[in-house]
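The values are calculated or read from the model by the stated rules, or taken from the named source; none is laboratory data. Predicted model, so just to flag it, every value in this text is computed and none were measured. Every residue, glycine among them, receives a Cβ derived from its backbone with ideal geometry; neighbour counts consider all protein chains shown.
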Amino acid sequence: MARAIFRAKSVEQSIRDTEEPEHQLKKNLGTLDLIVFGVGVCVGAGIFVLTGQVAASNSGPAIALSFAIAGLACALAALCYAEFASSVPVAGSAYTFTFATMGEFVAWIIGWDLILEFSVAAAALATSFSQYLAVLLEGTPFAIPKALQSTEGGVINLPAGLLILALTAVLITGVKLSSRINQVVTGLKLLVVLAVVIVGAFFVKTANWVPFIPPSEGSAGSDDGPLLRPLVQTLFGLEPSVFGLGGVVAGAAMVFFAFIGFDVIATTAEETRNPQRDLPRGILGALGIVTVLYIAVSLVITGMQNYRDIDPTDGAPLATAFNAVGQPIMGDIIAIGVCIGLIVVAMIMFLGQTRVAFAMSRDGLLPQGLARTHPTFGTPYRLTIIVGIAIALLASFVPLSELAHLVNIGTLAAFVLVSIGVIVLRRTRPDLPRSFTVPFVPVLPIISALICLYLMINLSLETWLRFIAWLVLGVIVYFAYSFRHSRLNTERGASGAAATGPASGGAEPQDR
């Protein structure tokens with residue numbers, strides 16, 4: 001049993017599986033498509049919401065350093081993703097890479113983890129879209145009734161559910177259409193972000209950046225109990241505190257959500273025309289662009305408004321900052337940009353979830369019938385419909401604020417395994433063609449894994465407990481269904497039956 005659950009799927013077999021007609025995805029994407037996908041999914045709730053919240057609660061003006069630390073962790077992981085994606089151009093991202101290096105059970109765990117990450121992220125983003133839409137339409141003939149705005153103050157979050165159902169239709173019709181929509185909307189979002197930086201620069205007061213790293217002080221939330229404190233404080237007996245260097249690192253763990261998205265590029269490997277060339281360029285290009293944007297926006301916002309005056313519960317801190325300096329029109333423009341941006345971010349998170357589940361279904365770890373592609377559109381339409389309905393229900397009826405940190409911890413866990421996987425694959429398959437290689441192996445992958453682990457322990461103990469509970473459920477599902485239905489298990493069983501069949505059936509012995 002122990003040996004069986006760590007059976008690995010060869011790179012060659014993974015690539016052969018992509019050529020099966022009923023499981024084949026169309027290759028429509030190029031480098032620009034991939035960069036726009038990455039930028040489109042990253043420039044969303046993170047830059048528009050987390051910037052103010054983390055500056056007020058953890059980092060102060062040094063939130064720019066928090067973004068830089070999170071960006072460094074992502075950059076190191078991105079190098080590992082780029083090597084994997086260029087040598088194993090198969091849908092599934094970290095799940096597929098782990099299957100080729102550490103075996104089926106670890107791959108299942110990370111796939112299960114990614115399902116949670118992408119599903120919760122897509123639903124949460126749809127919910128955020130609904131909130132911004134309600135603000136924009138308030139006072140107009142199209143105002144949304146309170147009962148339909150959210151489950152917290154009403155009955156159902158109808159706009160969020162309808163958005164996911166609309167995105168389901170878009171994703172079924174083809175990833176190229178999704179890419180075209182993404183390009184247009186991402187262009188609009190970038191214009192909004194550039195407007196924030198350029199216009200906001202005229203209202204920056206350098207005095208607001210002093211001190212750049214506020215001195216450490218006791219946490220206002222220290223009475224909330226150990227479950228809500230960062231795990232690192234519990235592990236090492238540290239006193240609850242905010243700001244200082246500890247606050248900068250804790251802030252990096254929180255704003256990490258803003259970088260989630262570049263790994264979605266790797267899930268589209270099978271739909272890329274030249275994955276060996278385009279995937280590394282797409283991943284690294286998208287990450288570089290958003291890191292620069294995040295740092296620029298964070299410097300402008302903390303320069304416009306003292307971090308002490310920012311409301312950490314404000315869901316629209318950028319708009320509030322412009323209102324505070326007498327520029328309400330810019331606040332409205334930002335709100336419109338957020339609304340538009342969240343649509344695309346939700347769509348790409350949704351896309352990532354379907355591609356991971358598609359790879360798991362094709363491997364038999366989920367029902368294989370779900371991996372069939374549409375005869376016309378070449379997309380996994382069955383999975384897309386099922387996943388779309390599930391996410392729509394989550395977005396419509398479940399408040400997801402409590403689950404937001406699960407997205408961060410799940411992504412960081414995936415980054416750790418991908419970083420380690422590069423070292424493993426270098427040793428087990430040195431012959432594998434690699435159009436892109438991580439420099440200074442094993443040093444850089446090890447540093448990447450350690451940084452991601454450190455960011456993980458800066459998340460709350462409550463987040464860790466929920467994450468572990470989800471993984472325990474995944475283990476139960478694996479042994480109850482996936483282990484027995486795995487293609488590696490059934491194909492090897494069939495090969496063994498074929499080998500022993502003639503003897504048991506009384507056939508004539510073969511020449512030896």
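Worth a mention:
- Cβ pairs under 6 Å, 6+ apart, first in region 194-207 and in contact (Cβ under 8 Å) with a residue 12 or more places away in the chain, second outside any helix (DSSP H, G or I): 203/325
- For residue 486, the stated conditions hold: it is over 30 Å from residue 249 (Cα atoms), modelled with pLDDT of 90 or more and buried (at least 16 other Cβ atoms within 10 Å of the Cβ).
- Taking region 453-469 as the range and being more than 18 Å from the chain's Cα centre (by Cα), buried (at least 19 other Cβ atoms within 10 Å of the Cβ) and of a type in the set (Ser, Thr, Tyr) as the test, only 460 passes.
- Just one residue in the set 143, 134, 166 is out of contact with any strand residue (DSSP E or B) (no Cβ under 6 Å at 6 or more places or on another chain), at pLDDT 90 or above and surrounded by 12 or more Cβ atoms within 10 Å (Cβ to Cβ); that residue is 166.
- Helices (runs of 4 or more DSSP H) contained entirely in region 41-117, each with at least 3 residues that are of a type outside the set (Ser, Thr, Tyr) and farther than 18 Å from residue 291 by Cα: 63-87, 94-101
- Selected residue (only one of 445, 399, 433 is within 20 Å of the chain's Cα centre (by Cα) and surrounded by fewer than 22 Cβ atoms within 10 Å (Cβ to Cβ)): 399
- Among the residues of region 51-82, the one identified as of a type in the set (Phe, Trp, Tyr) and at pLDDT 90 or above is 67.
- Consider region 432-485 and keep the residues that are out of contact with any Leu (no Cβ under 7 Å at 6 or more places or on another chain) and among the hydroxyl-bearing types (Ser, Thr, Tyr). The one that is nearest to residue 13 (Cα to Cα) is 435.
- Restricting the search to helices (runs of 4 or more DSSP H) fully inside region 374-483 and requiring at least 3 residues that are touching a Phe, Trp or Tyr at 6+ places or on another chain (Cβ under 6 Å) gives 404-428.
- Residues considered: 326, 303. Of these, the only one that is at pLDDT 80 or above and not in a helix (DSSP H, G or I) is 326.
- Residues satisfying the stated conditions in region 427-439, i.e. touching a helix residue (DSSP H, G or I) at 6+ places or on another chain (Cβ under 9 Å) and either without any contact (Cβ under 8 Å) to a residue 60 or more places away in the chain or of a type in the set (Lys, Arg) (or both): 429, 434
- Test result for residue 164, farther than 24 Å from residue 279 by Cα, under 21 Å from the mean Cα position of the chain (by Cα) and among the β-branched types (Val, Ile, Thr): yes
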